[in-house]
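The values are calculated or read from the model by the stated rules, or taken from the named source; none is laboratory data. It should be emphasised that the depicted structure is a prediction, and the values quoted were computed from it without experimental measurement. Counting neighbours? That spans all protein chains shown, and the Cβs are built from the backbone with ideal geometry, glycine included. Only protein heavy atoms, including side chains, enter the accessible area calculation; ligands, DNA and RNA are left aside. Shrake-Rupley method; radii C 1.70, N 1.55, O 1.52, S 1.80 Å.
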Amino acid sequence: MKMKPIIGIRGARLRGRRDLCDIRIDKAGRIEKVGPRLRLPSGRSVLDAKGQIVLPSFIDPHLHLDLAYSLDLVKPNKSGTLIEAIGHWSAAKRKLTAANVRERAIRAIHAEVGFGTGHIRTHVDVATGAGLRLAEGVLAAREARAEIVDVQVAVFPQDGILRDPGAEDLMRRALSMGCDLVGGIAHNERTADDSKRHIDILFSLAEEFDVEIDCHIDETDDPDSRCTEYLAAKTIEHGWQGRVTASHVCALASYDNVHARKVIDLLNEARVHVVTNPGVNLHLQGRHDRYPKRRGLTRVCELLDAGVNVAAGQDCIRDPFYPFGTGQMLDVVHTLCHADHMTTPKRMGQALDTVAGNAAAAMRLQGYGVKAGCQADLVVLPACDEHEAIRTRPRPAWVLKKGRLVDLA
Ligand SMILES: [Zn+2]
């Protein structure tokens, strides 16, 4: 892949600044300086943004690269529920090869990077029906596209741990193969007690490998699904504060307000990151409601106002769980703004943060941003400000990875 080094960007519109700035990039692909009227040599290795907005590359903190573009390989999901999707995927994944997974994962990486994503956290199915083939495919895709995107891989026991004997061993083996962190699906066990044992196993694996946890949790409208509070309590007990992400947390929206407040305070105390997946939550949840139909997302604004770090992910691209998905993080932001009424300038900015700084914090990335010392992972968008970027969701003019121009052609 040819990637031309860029030494500067002229005339950049930056978030929170009125004047246009220039950005100087060093040979190591780091931002050296940001400010008005910097000395930049002329030539083709300097980009002229002409007042367009320049953002740090987007971050997708929740994706399933092994599932991407698998819709046509799986029986149709007629009920549109999570449970039916898991069942059909369970049958289909037995036939998938690592090569097939690699090819679809690369296609999804190209879609995401083309829209300006620089970092992805993917979950990879290591249920006994999947074995390690899906992990092999995703790790091969990561290696093949390491120049254009950084990928964290969470080992994901899609069919549960207690109800799928053998999954725990596969999680351990996938971590030894090069996967980065422990995934989970606490609500997908037979009983509430088993869900707790599931979470206990996640912590024992995290301690064994000294890694983070990112658990699918309470992805249901059931107000009695209470896994998140147990995850937060165990986070404190194990001293894993800041190292745990709770993905989805849909049931929080169905709790009564008093209990919801207690759980939100606990998440804050445990410094658990929350990842919402707006499109997928809108699509899969509320399926048993008549009217009014719940939206399915967690309480994003309430969590943010309480000080909890909330990020947002694409989750799925054209798979049995969700037939849409473009890999465009601005689409995720746009959907989030609608789903949780994030439509004032302040809320729109917060929504944009969910695929930027908040996602970087959830993934514990260092050197993220448009300031001196940060890695020059940048996206230049034909929009005059962040509101316009969210409203029109344009294709980027340029995408830079470590100071080099990404060319997917
Ligand atoms: Zn997911």
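Evaluate the stretch 346-360: report whether one residue or more is out of contact with any His (no Cβ under 9 Å at 6 or more places or on another chain), open to solvent by 50 Å² or more (accessible area, probe 1.4 Å) and not charged (D, E, K, R).
There is no residue in the stretch 346-360 that is out of contact with any His (no Cβ under 9 Å at 6 or more places or on another chain), open to solvent by 50 Å² or more (accessible area, probe 1.4 Å) and not charged (D, E, K, R).
Is it fair to say Ala251 is under 27 Å from Phe324 (Cα atoms), open to solvent by less than 10 Å² (accessible area, probe 1.4 Å), aliphatic (A, V, I, L, M) and assigned to a helix (DSSP H, G or I)? Explain how you work it out, then say what you get.
On the way: under 27 Å from Phe324 (Cα atoms): yes; open to solvent by less than 10 Å² (accessible area, probe 1.4 Å): yes; aliphatic (A, V, I, L, M): yes; assigned to a helix (DSSP H, G or I): yes.
Considered against the rule, which asks whether it is under 27 Å from Phe324 (Cα atoms), open to solvent by less than 10 Å² (accessible area, probe 1.4 Å), aliphatic (A, V, I, L, M) and assigned to a helix (DSSP H, G or I), Ala251 comes out as yes.
Kindly check whether there is at least one residue in the stretch 336-353 that is β-branched (Val, Ile, Thr) and within 16 Å of the chain's Cα centre (by Cα). Break it down stepwise before answering.
As a first pass, look at the stretch 336-353 and keep what is β-branched (Val, Ile, Thr): 343-344.
Okay, now just the ones that are also within 16 Å of the chain's Cα centre (by Cα), so none.
There is no residue in the stretch 336-353 that is β-branched (Val, Ile, Thr) and within 16 Å of the chain's Cα centre (by Cα).
Take the conditions in contact with a Leu (Cβ under 6 Å, 6 or more places away or on another chain), open to solvent by less than 40 Å² (accessible area, probe 1.4 Å), closer than 23 Å to Gly114 by Cβ and free of Cβ contacts under 8 Å to residues at least 40 places away in the same chain and apply them to Ala312. Does it pass?
Details: in contact with a Leu (Cβ under 6 Å, 6 or more places away or on another chain): yes; open to solvent by less than 40 Å² (accessible area, probe 1.4 Å): yes; closer than 23 Å to Gly114 by Cβ: yes; free of Cβ contacts under 8 Å to residues at least 40 places away in the same chain: no.
Against the criterion (in contact with a Leu (Cβ under 6 Å, 6 or more places away or on another chain), open to solvent by less than 40 Å² (accessible area, probe 1.4 Å), closer than 23 Å to Gly114 by Cβ and free of Cβ contacts under 8 Å to residues at least 40 places away in the same chain), Ala312 does not qualify.
Looking at the stretch 264-279, can you tell me whether even one residue there is open to solvent by less than 10 Å² (accessible area, probe 1.4 Å), within 16 Å of the ligand (Cβ to nearest atom), assigned to a loop (DSSP other than H, G, I, E, B) and not aliphatic (A, V, I, L, M)?
Going through the stretch 264-279, the residues open to solvent by less than 10 Å² (accessible area, probe 1.4 Å) turn out to be 264, 267, 270, 272, 274-278.
After this cut, where a residue has to be within 16 Å of the ligand (Cβ to nearest atom) as well, the list is 274-278.
Now narrow it down to the ones that are assigned to a loop (DSSP other than H, G, I, E, B): 277.
So of that shortlist, the ones also not aliphatic (A, V, I, L, M) come out as 277.
Yes.
Answer yes or no as to whether Ile236 is under 16 Å from Val308 (Cβ atoms), open to solvent by 50 Å² or more (accessible area, probe 1.4 Å) and either within 16 Å of the ligand (Cβ to nearest atom) or more than 23 Å from the chain's Cα centre (by Cα) (or both).
Details: under 16 Å from Val308 (Cβ atoms): yes; open to solvent by 50 Å² or more (accessible area, probe 1.4 Å): yes; either within 16 Å of the ligand (Cβ to nearest atom) or more than 23 Å from the chain's Cα centre (by Cα) (or both): yes.
For Ile236, the condition - under 16 Å from Val308 (Cβ atoms), open to solvent by 50 Å² or more (accessible area, probe 1.4 Å) and either within 16 Å of the ligand (Cβ to nearest atom) or more than 23 Å from the chain's Cα centre (by Cα) (or both) - is met.
If we scan the stretch 283-304, do we find a residue that is among the polar types (S, T, N, Q) and either part of a helix (DSSP H, G or I) or under 28 Å from Val380 (Cβ atoms) (or both)? Can you show your working first?
Of all residues in the stretch 283-304, those among the polar types (S, T, N, Q) come to 285, 298.
Right, trim to either part of a helix (DSSP H, G or I) or under 28 Å from Val380 (Cβ atoms) (or both) and you get none.
No, because not a single residue in the stretch 283-304 is among the polar types (S, T, N, Q) and either part of a helix (DSSP H, G or I) or under 28 Å from Val380 (Cβ atoms) (or both).
Could you grab the pairs with beta carbons closer than 6 Å, sequence gap of 6+ or different chains, first residue in the stretch 68-88 and of a type in the set (Val, Ile, Thr), second one assigned to a loop (DSSP other than H, G, I, E, B)?
Correct list of pairs: Val74/Pro320; Thr81/Arg287.
Limited to the stretch 149-171, what total is found for residues that are more than 20 Å from Gly87 (Cβ to Cβ) and surrounded by fewer than 24 Cβ atoms within 10 Å (Cβ to Cβ)?
Of the residues in that region, 6 qualify.
Tell me which of these Ser204 doesn't satisfy, since it passes every other one: (1) in contact with a helix residue (DSSP H, G or I) (Cβ under 7 Å, 6 or more places away or on another chain); (2) away from the ligand (no atom under 16 Å from the Cβ).
(1)
What do you reckon, is Glu219 open to solvent by 20 Å² or more (accessible area, probe 1.4 Å), in contact with a strand residue (DSSP E or B) (Cβ under 9 Å, 6 or more places away or on another chain) and within 16 Å of the ligand (Cβ to nearest atom)? Don't jump to the end; show me each part of the working.
Details: open to solvent by 20 Å² or more (accessible area, probe 1.4 Å): no; in contact with a strand residue (DSSP E or B) (Cβ under 9 Å, 6 or more places away or on another chain): yes; within 16 Å of the ligand (Cβ to nearest atom): yes.
Considered against the rule, which asks whether it is open to solvent by 20 Å² or more (accessible area, probe 1.4 Å), in contact with a strand residue (DSSP E or B) (Cβ under 9 Å, 6 or more places away or on another chain) and within 16 Å of the ligand (Cβ to nearest atom), Glu219 comes out as no.
Please indicate, with yes or no, whether at least one residue in the stretch 67-82 is among the β-branched types (Val, Ile, Thr) and within 15 Å of the ligand (Cβ to nearest atom).
Of the stretch 67-82, the ones among the β-branched types (Val, Ile, Thr) are 74, 81.
If we keep only those that are within 15 Å of the ligand (Cβ to nearest atom) as well, we get 81.
Yes: one or more hits.
Among the numbered criteria (1) surrounded by 23 or more Cβ atoms within 10 Å (Cβ to Cβ); (2) at pLDDT below 95; (3) not basic (Lys, Arg), which one does Leu408 miss?
Among (1) surrounded by 23 or more Cβ atoms within 10 Å (Cβ to Cβ); (2) at pLDDT below 95; (3) not basic (Lys, Arg), Leu408 violates only (1).
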